[in-house]
1. When region B:142-159 is examined, which residues are found to be in contact (Cβ under 8 Å) with a residue 60 or more places away in the chain and away from chain A (no Cβ under 13 Å)?
2. In region A:96-138, which residues are of a type in the set (A, V, I, L, M, F, W, C), away from chain B (no Cβ under 14 Å) and either open to solvent by 30 Å² or more (accessible area, probe 1.4 Å) or farther than 20 Å from A:Arg55 by Cα (or both)?
3. Can you confirm whether region A:54-64 contains a residue that is touching a Gly at 6+ places or on another chain (Cβ under 6 Å), of a type in the set (S, T, N, Q) and either free of Cβ contacts under 8 Å to residues at least 24 places away in the same chain or within 14 Å of another protein chain (Cβ to nearest Cβ) (or both)?
4. Any residue in region B:105-123 that is of a type in the set (D, E, K, R) and touching a residue at least 60 places away in the same chain (Cβ under 8 Å)?
5. Among (1) more than 9 Å from chain B (Cβ to nearest Cβ); (2) open to solvent by less than 70 Å² (accessible area, probe 1.4 Å), where does A:Asp47 come up short?
6. B:Leu162 fails exactly one of the following numbered conditions: (1) among the hydrophobic types (A, V, I, L, M, F, W, C); (2) under 30 Å from B:Leu48 (Cβ atoms); (3) more than 9 Å from every other protein chain (Cβ to nearest Cβ). What is the number of that condition?
7. Tell me, please, whether a residue that is away from every other protein chain (no Cβ under 14 Å), small (Gly, Ala, Ser) and assigned to a helix (DSSP H, G or I) can be found in region B:45-62.
8. Looking at A:Val137, A:Val150, A:Val116, A:Val90, which one is among the β-branched types (Val, Ile, Thr) and free of Cβ contacts under 8 Å to residues at least 24 places away in the same chain?
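The values are calculated or read from the model by the stated rules, or taken from the named source; none is laboratory data. The shown structure was predicted, so the numbers you read here are calculated from the model rather than taken from an experiment. As a convention, Cβ positions derive from the backbone with ideal geometry for all residues, glycine included, and neighbour counts pool all protein chains shown. These area figures cover heavy atoms from the full protein model, side chains too; ligands, DNA and RNA do not enter into them. Shrake-Rupley method; radii C 1.70, N 1.55, O 1.52, S 1.80 Å.
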Amino acid sequence: MKTRTLEISVGLFLLAGVLALVLLALRVSGLTVASTQDTYRVYAYFDNISGLAARAKVTMAGVTIGKVVAIDLDRDSYMGRVAMDIQGEVNNLPLDSTASILTAGLLGEKYIGISVGGDEELIADGDTIRDTQSALVLEELIGKFLLNSVNKDE
Amino acid sequence: MAKATTVLDRIALLGRAGLDVLAAMGRSVVFLFLAIAGRASFGNRLQLLMQQLYSVGVLSLAIIVVSGVFIGMVLALQGYSILSDYGSEQAVGQMVALTLLRELGPVVTALLFAGRAGSALTAEIGNMKSTEQLSSLEMIGVDPLKYVIAPRLWAGFISMPLLACIFSVVGIWGGSMVAVEWLGVFEGSFWSNMQNSVDFYDDVLNGVIKSVVFAVVVTWIAVFQGYDCEPTSEGISRATTRTVVHASLAVLGLDFILTALMFGDY
């Protein structure tokens, strides 16, 4: 009988340990079992990606529909090329949709927001979003503002 | 003339100490290899392992859970007071989770494990040695490395990563209690910030890998110190101290190396 309680407690301990790992995976790291489902690759060129990082989320109407996979510099156009994976079920984005780099809060992380266009044609795997808005760069804004106020004085 | 010999004597002493350390290292490697490799010829291995999992793992659970809760709560409090200066209290969940998963979970678990279970292992095996239970086993044809040592090693290897996971979960729960219930951080942003920044492979799995490494090192040191100790009561007490000191230093040193490899990016 004593070995039985011992075995039960060891079993419970092992279960608790595995359960903790599962909890860490699902609740803390937000790993979803279905995250490896089919996605398609879309590219977008930005003048300035300032602070956007790989694994940033791609949203539409505030809902996450994908994530940024890679960021590199396009050598010919000198623009930043962002590759993102969009969930396969969101397959009805018009070709003239706009991708803009947004900021969560004033100092928060950067993410990509997509707003819908009106085109009949839809974005397919490997397509490029042509209409893009770069990130707001605070320094540039302040510079413009200062320039404006100087010009007004004259 | 007498002076010269004392200098030479000291050098010889130093050399002997170095040789002793090297010999102990060699013995410990052979010891680990002999204990792990091969099968036990006597006794029910599962039964033996179960017994050790109980005394090494289940009995360490209480200290792990309690310290996990408190460390999580302290992290949340400290993080909140720093982050609120920058108006980004929502990041407190991210901070607590990343600190626990990457560093504090594996490291503090290993330190507590060395103190709670490692010292007990050393004392137990050392006592077996001094009361000649180990040599009696050998006498009746049972290999003590397989019958006594191997189950304890495996029990340590298995239970520490699990304990580290439990530590992190409990710590994050404690942190969320303090941040959300007490300090009033918005619950949704607490968890979503955490989930956005924590990556399963980079953070959770690397933490588990760390704790597997620590488990091997701490259990190995503890069991070897017991097996290799002087079979006197004084020898056992010194071996137990050495276990805790060596294991803690090894964990902290290895942690730096592992962190540099995993998160260094350089």
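1. Within region B:142-159, B:Val142, B:Asp143, B:Leu145, B:Lys146, B:Tyr147, B:Ile149, B:Ala150, B:Arg152, B:Leu153, B:Gly156 meet the criteria.
2. A:Leu102, A:Val116, A:Leu122, A:Ile123, A:Ala124, A:Leu136, A:Val137, A:Leu138, listed by residue number.
3. Within region A:54-64, one or more residues are touching a Gly at 6+ places or on another chain (Cβ under 6 Å), of a type in the set (S, T, N, Q) and either free of Cβ contacts under 8 Å to residues at least 24 places away in the same chain or within 14 Å of another protein chain (Cβ to nearest Cβ) (or both).
4. No: zero hits.
5. With respect to (1) more than 9 Å from chain B (Cβ to nearest Cβ); (2) open to solvent by less than 70 Å² (accessible area, probe 1.4 Å), A:Asp47 is out only on (2).
6. All conditions are met except number (3).
7. Within region B:45-62 (the criterion being away from every other protein chain (no Cβ under 14 Å), small (Gly, Ala, Ser) and assigned to a helix (DSSP H, G or I)), the answer is no, since none of the residues qualifies.
8. A:Val150
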